[in-house]
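The block underneath contains the structure these notes are about, expressed in structure tokens.
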Amino acid sequence: MCIRDRHRELERLGKLFEWKALIYDKYAKSVINSLINVGNLRAYNVAVFLDLESKKDTLRNIAAVYLIKPCKESIDRVIEDLNGKLYDYFFINFVSVCSAALLEYFATECGRYNSQERVMQVYEHYLSYFPVTPTLFTLNLPNAYLSLYRNCEIEENMNSHLDGIAEGIFMFMRSNGYLPYVRIQRKDPLAERVVKKLAGLFESSGRFEEEKYDLSSSVRPLLILLDRSIDLHTMLHHSWKYLGLVHDVYGIRNGKVTGGLDKGKKVEYELDFLNDPFLQSHALAEYPETAGDISAEFNKWTKEYDKIVSKRPEESA
């Protein structure tokens, strides 16, 4: 199929597929959970949600959208689905940049089994960071501080953590179209190594065109890299903000909070900043203020509920 025919086919598919199936691996699922409530994806006509490792049924006339980490294990599962002809059309989305070697491997395997016609598009995204709130994100690197500052830490492990830090910052800046000014503390070897790795990522991306980044000085962000040891008390300090207390007590992970019991099982709640106006307005509010507003909000909900019940007495009974 020539390029022109492929574009025509994609335009036809955009009109044809009202519904989509979203298939994700474990890493991509954590990215999705930190960005959006999975249920909200139905607003984008995503009707089916499937784990990459799960057993899948054949579905026809539906766009299969894969969101996966660029690693051989996930690519092999996609190839397996292609060979099984589970779907007619595959849209492959990598959460981060895929190496040339892995792309070549994917193309070779598709050609070997003559399944390349089912692959409509392959995308690379920049999603190696995890939003906690609309104004706060984390790189999700457990025990990074301990690994970087422990004297007995192996250099290879330390370098792996620094790579993760640089990659996460690069992905955030790249996905938002930022080319930041960077400032670091003098004679900070770890910060210097991160900056060098970050500069290398920008250079190797080969995307310094002005249309890719807003280079005007008035909007270019300032990125300040500081040694965590300069602010140790923050890690020990318990914030009096509502969301900070929620994290201290229950722990926020991948946009979810686990707390309370229902029939002996822990209950999991999703933080939905898009559709929860109370969370939007009180996330960074002082707890005493929030506590009072919770009571007011609950009383308001109770009155509305009673009003609905009073109009339908026979059903409520």
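The values are calculated or read from the model by the stated rules, or taken from the named source; none is laboratory data. Worth saying up front: this structure is predicted, and the values here are computed from it rather than measured. Don't worry about glycine lacking a Cβ; one is built from the backbone with ideal geometry, like all the others, and counts go over all protein chains shown. Note: accessible area is taken over every heavy atom of the protein model, side chains too, but ligands, DNA and RNA are not part of it. Shrake-Rupley method; radii C 1.70, N 1.55, O 1.52, S 1.80 Å.
Brief remarks follow.
- Number of residues in segment 163-178 that are surrounded by fewer than 18 Cβ atoms within 10 Å (Cβ to Cβ) and out of contact with any Ser or Thr (no Cβ under 9 Å at 6 or more places or on another chain): the value is 5.
- Residue that is nearest to residue 27 (Cα to Cα), among those in segment 228-252 that are in contact with a Phe, Trp or Tyr (Cβ under 9 Å, 6 or more places away or on another chain) and of a type outside the set (Gly, Ala, Ser): 250
Matching residues to (1) closer than 25 Å to residue 296 by Cα; (2) touching a residue at least 24 places away in the same chain (Cβ under 8 Å); (3) in contact with a helix residue (DSSP H, G or I) (Cβ under 8 Å, 6 or more places away or on another chain); (4) among the aromatic types (Phe, Trp, Tyr):
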residue	(1), (2), (3), (4)
246	yes, no, no, no
249	yes, no, no, no
253	no, no, no, no
256	yes, yes, yes, no
263	no, no, no, no
266	no, no, no, no
278	yes, no, yes, yes
281	yes, no, no, no
284	yes, yes, yes, no
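- Tally of residues being surrounded by fewer than 16 Cβ atoms within 10 Å (Cβ to Cβ), charged (D, E, K, R) and more than 23 Å from the chain's Cα centre (by Cα) across segment 96-131: 3
- Count of segment 96-120 residues, restricted to those that are outside any helix (DSSP H, G or I) and over 29 Å from residue 35 (Cα atoms), is 3.
- Close pairs (9 angstrom Cβ cut-off, 6 or more residues apart or separate chains): closer than 24 Å to residue 126 by Cβ in segment 183-203, basic (Lys, Arg) and open to solvent by less than 50 Å² (accessible area, probe 1.4 Å) anywhere: 201/174; 202/174
- Leading residue by the ranking (most open to solvent (accessible area, probe 1.4 Å)) among those in segment 141-160 that are part of a helix (DSSP H, G or I) and more than 14 Å from residue 189 (Cβ to Cβ): 156
- Among residues of segment 47-86, those that are among the aliphatic types (A, V, I, L, M) and either in contact with a Gly (Cβ under 6 Å, 6 or more places away or on another chain) or farther than 23 Å from residue 98 by Cβ (or both), counted: 4
- Restricting attention to segment 249-269 and to residues that are open to solvent by 80 Å² or more (accessible area, probe 1.4 Å) and within 20 Å of residue 139 (Cα to Cα), the residue that is nearest to the chain's Cα centre (by Cα) turns out to be 253.
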